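The values are calculated or read from the model by the stated rules, or taken from the named source; none is laboratory data. Remember, it's a predicted structure, so these values are computed and weren't measured experimentally. Cβ atoms come from the backbone with ideal geometry, glycine included; neighbour counts cover every protein chain shown. The area values use the complete protein model at the heavy-atom level, side chains included, leaving out ligands, DNA and RNA. Shrake-Rupley method; radii C 1.70, N 1.55, O 1.52, S 1.80 Å.
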Amino acid sequence: MRRVAVAALLAGCGAALPDPGSPGARVLQTRCAACHRVYAPGSMTIETWRFQLGRMRALFAQRGIPWLTPDEERALTDYLAAHAGTT
């Protein structure tokens, strides 16, 4: 019974990311998830994702936190564009 409860709890933690082994998914899982929960790429349009990335870049600068490397930012942006929502 305890195993069933644990399995049910873990299943409710959110859906798996699409293409989880891709460089962009790895950035999302390591860099983004270090500070907040991971949002599903399909939860926002690419325009909204770009806006959010700009907000995060500004927040990092304000707090003196190193931003993503150019390769990380490109991988993340490409990943989000490939899996973003449409509405």
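Quick notes on this one:
- For L17, the conditions (1) open to solvent by less than 50 Å² (accessible area, probe 1.4 Å); (2) modelled with pLDDT of 95 or more are fulfilled apart from (2).
- The stretch 40-53, residues that are within 11 Å of the chain's Cα centre (by Cα), open to solvent by 50 Å² or more (accessible area, probe 1.4 Å) and among the hydrophobic types (A, V, I, L, M, F, W, C): A40
- All positions within the stretch 54-78 that are surrounded by 13 or more Cβ atoms within 10 Å (Cβ to Cβ) and more than 19 Å from S22 (Cα to Cα): M56, R57, F60, W67
- Pair list, Cβ under 6 Å, 6 or more apart: the stretch 71-82 residue closer than 15 Å to M56 by Cα, other residue among the β-branched types (V, I, T) and at pLDDT 95 or above: E72/V27; L76/V27
- Of the residues screened, T48 is one that is over 21 Å from P23 (Cβ atoms), hydroxyl-bearing (S, T, Y) and in a helix (DSSP H, G or I).
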